[in-house]
Structures are given as C-alpha cells and as structure tokens.
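Taking it in order: structure first as structure tokens, then the write-up.
The values are calculated or read from the model by the stated rules, or taken from the named source; none is laboratory data. All figures in this text were calculated on a predicted structure; none of them were measured in a lab. As a convention, Cβ positions derive from the backbone with ideal geometry for all residues, glycine included, and neighbour counts pool all protein chains shown. The accessibility values were calculated without ligands, DNA or RNA, using every heavy atom of the protein model including side chains. Shrake-Rupley method; radii C 1.70, N 1.55, O 1.52, S 1.80 Å.
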Amino acid sequence: MVDPPQKHIIIIGAGVGGTATAARLGKQGFRVTVLEKNSFSGGRCSLIHHNGHRFDQGPSLYLMPKMFEETFDELGEKLTDHIELLKCQTNYKLHFQDGESILLSPDLAHMKTEIERFEGPGEAPFLKYLGFLAESHVHYEHSMTLALKRNFEAWYEMFQPKFLPELFKLHLFSKIYSRAEKYFSSAKMRMAFTFQTMYMGMSPFDAPGTYNLLQYTELAEGIWYPKGGFHKVVSSLETIANKKFGAQFRYDAPVKQINTAADGKTVTGVTLESGEVIHADAVVCNADLVYAYNKLLPPSNYGKRIGKASFTSSSISLYWGMKRKIPELDVHNIFLADAYKESFDEIFKDHTLPSEPSFYINVPSRIDPTAAPENKDTMVVLVPVGHMTDAHPQDYDSLVAKARSLVLGSLLKHTGVDFAPLIDFEIFNDPRTWQAKFNLWQGSILGLSHNILQVLWFRPSTKDGSGRYDNLFFVGASTHPGTGVPIVLCGARLTSDQVGRHFGVSDEKRGVVKAKGKKVDGAGMIGWFLVLLAVLAVVVGMTGTNGLNNVWEGALKCINTSLLSIIRFQL
C-alpha cells in the first residue's frame, strides 16, 4: 500500500485527547492544526496559577501508568525523559462520620491490618480482600483487551462468540457496590472500595461491576503525581506533536461551526468565531461530543438523542490558597457521608448538592512542594453535584456557599482545626463554569455516563455516529472507550489509527501489527446476530423476567444455535 500525499487534519480542542491525537497523526505524516478556544491547553487537565499557588483544575490522580508509558513509547519517546513521576506513599486517608479513619495503601501488610480492624480477625477477611483484588485484576486485564485497545466500528465486531466469556468475566450486569458486598461485610469497607466511582462521575449503586478496575490499579500500581502538575502530560505531548512532528497549535481560536459539503456527506473544515474559514481533508473533534453535535454541526436526530442521554455528575471545585502548611491532611483525602446511598441519589436523581455530601481533598503541595509558596499549602476540594438540567434548576451561588460551609464544618469535626481563617483566597468552579469554560454539556465534568447501554459499541463511535460524514472523527471522554485521562489516551490511539486507515496510511506507518484470524463476513453475521439475541436473553434473565431458569435455558440454546450457524458459514 502506498501512503497518500500529505493531508490536512484539523483537531478541535487541545485537551489530552486532541493533543495526543495530534502527535500520533503528525507521526503518520499528516499536516495537523489544533484549534483551541482558550488561551491555554489541557481542557480539564489545565492549571490555575494564583499568588504563587498552582492548582490542578481537574484530574490529580495519575492512575494506570502503563497507558501513559505506551503513549510515549508509540511516539518514539520515553515518558521519563519528559515527566518526573512522584509516588504517593499511601493512596488515601478515608474519614468516616463517626470519627474513624482508614489509610488505603498498595502495601499488603498494611492492608491486612486495616482489613482485620474493620472486618474482624482470622484468615477469612483478608482472603476475601485478596479475592476482591483477584476479581478487579481480571476486570482490569480483560478491559484492556476487550475495550480499551479495540475499536468497535460495527456492531458485529462486538457481538462475537469469542467475546462472550470476556463479557461475563467483566460483570457488566452487576453493580460495583453489589460486587463489594460479596467480599466485605462491614459498611465502611464497602464504602472504602466503592467511592472511586466518583472519579467516573457515577454512583457505585449504578456503575457496572467492571469498573472496580479503578480500585485495582490504585492498590496494585499505586497513585502517582507528575511533578509540576497533571498538565505536564499534555504539555509534553504538545512538545512532541509540535517540535517532532510539526503539528501547529492555535490558541484563542474558538470554532463556530464544522463546515459540511453541499452533498452533506463530508466535512470540509471549520469556521472560527472570528469568521476565518480553515479547510481540511478531515476533522477530529476533541470538543465535548454532545456539544459538537448540538452546536457545531447541522441539527440531527442523533444530536438530539445523545443530548438526552445519561450523563456523569458535575462538581463544585474549591481552589484554596492556604496561609500555612496543613499537616492535618494527606495528599489525597476522602470524607464519606453516613447516608452513603442517599447522597448519591441526591446527585443523580435530584441533580443537586447532597444534604450530607461525600467529598475529596487534594493537597498537591504535600507531595510536590512546587505547588505552593514556601511554608504554605495548596488545596483543591471537589464536591460532586448533579449536572445542570431544566427539570431541576438550581441556585448555584447558594449551592457553592452551602458546599463551602459543609466542607469547613466537616474539616473542623475531623481535624479539630477551623480552616476558614486559614484560607488566603478562593477560586471556584461550579456546573456553570464547567459549561462556559470548556463547553461541557449540562456542566457534566466527565461527559456521557458509563452505564451498560453507553459502553463498548453502544458508546458514540470514534467516527461520526450519525452516519452522515465520512471524514469526521471524535476523541475524548464521551467517545469510545470512555472517560478518564488514561482511557482517553487509549481513545487517541484508536481514533488516529482510524483516520490513518481512512486515508490509506500503511499499517507500518500507523504502527499496527496485523492480527491473525478470519475476517467477519456477511454470512457470519447471522451467527453474530444470534449471539446478540443470546446476550439480550441473558440480560432479561438477570432481571428475573419470566423465570430465571427458563431464560438461561433459552440463552444457552440460542448460543448453541449461534455457534452451529457460525461453524456452518465459516467452513
């Protein structure tokens, strides 16, 4: 295959997904222009600087380190040449409302003591903890294979018999909290190993069981922090994209619309708010996907539909510059509500601030002194709240004041210190800010939710999901494979590979090793369709409809029929 002449690709947004995609496409030989609405890069991975303090505006937990390493390796770089990683000695200090606390750590000896303190003595509690780690390890490894490194460009690529064992091992039809109930008997331990869904913007009572892989990476690989702030990941990728591969980055360049051809089958470039028109052979959108379909593209039923989909939560984030060091807090601190389930219901059903919220406090200067002036600390307080919705309008000024008061009250209760007079200054984001600053639909900070009907093939594709535009691609939180910095980095790999294939770039130049095996053909799709029916039957079975035993029996018969059909057509 002969590589084509250089094509021009426009990328909308210099978030982590857009920047990583720019580097990858530049490596493939494309001419790349990145257009960013703000004066800074990173999107939610950006920084706030004020009076010598540095705040991570969004992510502060460097998890799944292999995903970062692979990104730099595939760009011909060593991550350690660009980023100095600092490892947290303990993961979190968790505070319960009765005054008890627990330190979560990758250290097994430490965790054995903590587990026995809350779950009771003897070998059984710790063995169950190891069982939890084993299950979450399976979820982690199989998610890598099935979801994070695989693009489902057609439905039949997902509904294949070989994936059925994988799907069941992932516990997609269970909830994270119910998986924790299997391994822990105390309410406190169940809370300690399920609150991590807050980082996905979901409730542990709704999130698929698969996502306890987050707990696994924390406990098995540890929590890290890039010296200089999380934005160091984005700035390093931008340097590689620009200096090594020639990608151009333009800031203060908000896009007004994505231009389309007269036949409505392709996009031709973009028009900026300034009126400038920039032509391109393809567009990769790293702007919020739902925003793009409803604001940047011509109206469509698809845009309306995803605008009504299920979304992750928003947050009230308080950025405090402190007058002194705060030794009472660790790097990562979690304060959990007694009314644990009720607090999540208030976020996701009432779309408001819980009356008793669980919240997270990060003190980056505890691990990286460059985050604050000498003898002072920098604090970030994240309080989850519901995203914006017309059905539940909120007075956000009042909610911010209430959140601040609740946090200060909780800190006084747990540490004995009145933090209010120690705050030198405060900056805050609320759902309105997230929407205005980053075009996040309804102020949802992590995009589309990860419920069972919004993951894998069901999640919006890396290529135009409306089926209208052949050269429009997406990367970011609301696109497959999903939200979170390491996950979006995986998405950048999938999207850039798809763009390269679209323009006929060779496998070698795309860095692809061809997989062995038969290609899915039209006849085989009958088998895949039957497998789909089997999976749907199992879903019905798990709801108990029409008798569990009968449905399972029907599902097994359907799977057997599917396999026979596949054998007949593939031979």
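Can Q498 be described as open to solvent by 20 Å² or more (accessible area, probe 1.4 Å) and among the polar types (S, T, N, Q)? Taking the combined requirement at face value, the residue does not satisfy it.
Considering only region 462-472, I want to know if a residue exists there that is closer than 30 Å to I223 by Cα and either at pLDDT 95 or above or surrounded by 15 or more Cβ atoms within 10 Å (Cβ to Cβ) (or both). Looking through region 462-472, at least one residue is closer than 30 Å to I223 by Cα and either at pLDDT 95 or above or surrounded by 15 or more Cβ atoms within 10 Å (Cβ to Cβ) (or both). Among residues of region 182-191 being over 12 Å from N212 (Cβ atoms) and in a helix (DSSP H, G or I), the one that is least open to solvent (accessible area, probe 1.4 Å) is M189. Residues in region 355-411 that are assigned to a loop (DSSP other than H, G, I, E, B), in contact with a Phe, Trp or Tyr (Cβ under 8 Å, 6 or more places away or on another chain) and of a type outside the set (S, T, Y): I367, D368, G386, H387. For first residues located in region 459-475 and without any contact (Cβ under 8 Å) to a residue 24 or more places away in the chain, partners that are in a loop (DSSP other than H, G, I, E, B) and surrounded by 20 or more Cβ atoms within 10 Å (Cβ to Cβ) and lie 6+ apart or on another chain with Cβ distances below 6 Å form the pairs R459/H480.
Residue-wise test of (1) in contact with a Phe, Trp or Tyr (Cβ under 6 Å, 6 or more places away or on another chain); (2) surrounded by 16 or more Cβ atoms within 10 Å (Cβ to Cβ); (3) outside the structural domain of T19 (by the TED database).
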site: L237; (1), (2), (3): no, yes, no
site: I240; (1), (2), (3): no, yes, no
site: K244; (1), (2), (3): no, no, no
site: V267; (1), (2), (3): yes, yes, no
site: H279; (1), (2), (3): no, no, no
site: L289; (1), (2), (3): yes, yes, no
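Within the set P364, P354, the sole residue that is closer than 23 Å to H50 by Cα and open to solvent by less than 10 Å² (accessible area, probe 1.4 Å) turns out to be P364. State yes or no: is G307 at pLDDT 95 or above, among the small types (G, A, S) and surrounded by fewer than 20 Cβ atoms within 10 Å (Cβ to Cβ)? Judged against the criteria, G307 is not a match. If the condition is being open to solvent by less than 30 Å² (accessible area, probe 1.4 Å) and either more than 23 Å from A337 (Cα to Cα) or touching a residue at least 60 places away in the same chain (Cβ under 8 Å) (or both), then region 162-181 contributes F163, L164, L167, L170, L172, S174. Within region 389-399, track down each residue that is over 18 Å from F344 (Cβ atoms) and touching a strand residue (DSSP E or B) at 6+ places or on another chain (Cβ under 9 Å). Of everything in region 389-399, just one residue is over 18 Å from F344 (Cβ atoms) and touching a strand residue (DSSP E or B) at 6+ places or on another chain (Cβ under 9 Å), namely Y396. Scanning region 192-219 for residues that are within 23 Å of L167 (Cβ to Cβ), hydrophobic (A, V, I, L, M, F, W, C) and in a helix (DSSP H, G or I) yields a total of 3. Among the residues of region 417-437, is there at least one that is part of a loop (DSSP other than H, G, I, E, B), touching a helix residue (DSSP H, G or I) at 6+ places or on another chain (Cβ under 6 Å) and either more than 15 Å from I361 (Cβ to Cβ) or at pLDDT below 95 (or both)? Yes: one or more hits. Among the residues of region 318-337, those identified as of a type outside the set (K, R), assigned to a loop (DSSP other than H, G, I, E, B) and more than 12 Å from V363 (Cβ to Cβ) are L336, A337. Checking every residue in region 64-84 against the condition of being open to solvent by less than 40 Å² (accessible area, probe 1.4 Å), out of contact with any helix residue (DSSP H, G or I) (no Cβ under 7 Å at 6 or more places or on another chain), closer than 30 Å to G504 by Cβ and among the small types (G, A, S) gives zero matches. Output yes when any residue across region 408-427 is under 20 Å from T312 (Cα atoms), in contact (Cβ under 8 Å) with a residue 40 or more places away in the chain and of a type in the set (G, A, S), and no when none is. No; the residues of region 408-427 include none that is under 20 Å from T312 (Cα atoms), in contact (Cβ under 8 Å) with a residue 40 or more places away in the chain and of a type in the set (G, A, S). Count of region 119-134 residues, restricted to those that are under 20 Å from I176 (Cα atoms) and over 27 Å from the mean Cα position of the chain (by Cα), is 5. Quick one: would you say P125 is assigned to a loop (DSSP other than H, G, I, E, B) and out of contact with any Leu (no Cβ under 9 Å at 6 or more places or on another chain)? No: the conditions fail for P125. Tell me, please, whether a residue that is at positive phi and out of contact with any Leu (no Cβ under 7 Å at 6 or more places or on another chain) can be found in region 192-209. No, there is no match, as no residue in region 192-209 is at positive phi and out of contact with any Leu (no Cβ under 7 Å at 6 or more places or on another chain). The residue that is farthest from F195 (Cα to Cα), among those in region 106-115 that are out of contact with any helix residue (DSSP H, G or I) (no Cβ under 6 Å at 6 or more places or on another chain) and surrounded by 15 or more Cβ atoms within 10 Å (Cβ to Cβ), is D107.
Yes/no per residue for (1) open to solvent by less than 30 Å² (accessible area, probe 1.4 Å); (2) within 16 Å of the chain's Cα centre (by Cα):
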| residue | (1), (2) |
| --- | --- |
| L411 | yes, no |
| T415 | no, no |
| D418 | no, no |
| T433 | no, no |
| K437 | no, no |
| Q442 | no, no |
| I445 | yes, yes |
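Among the residues making up region 367-394, none is open to solvent by 40 Å² or more (accessible area, probe 1.4 Å), of a type in the set (V, I, T) and farther than 21 Å from K325 by Cα.
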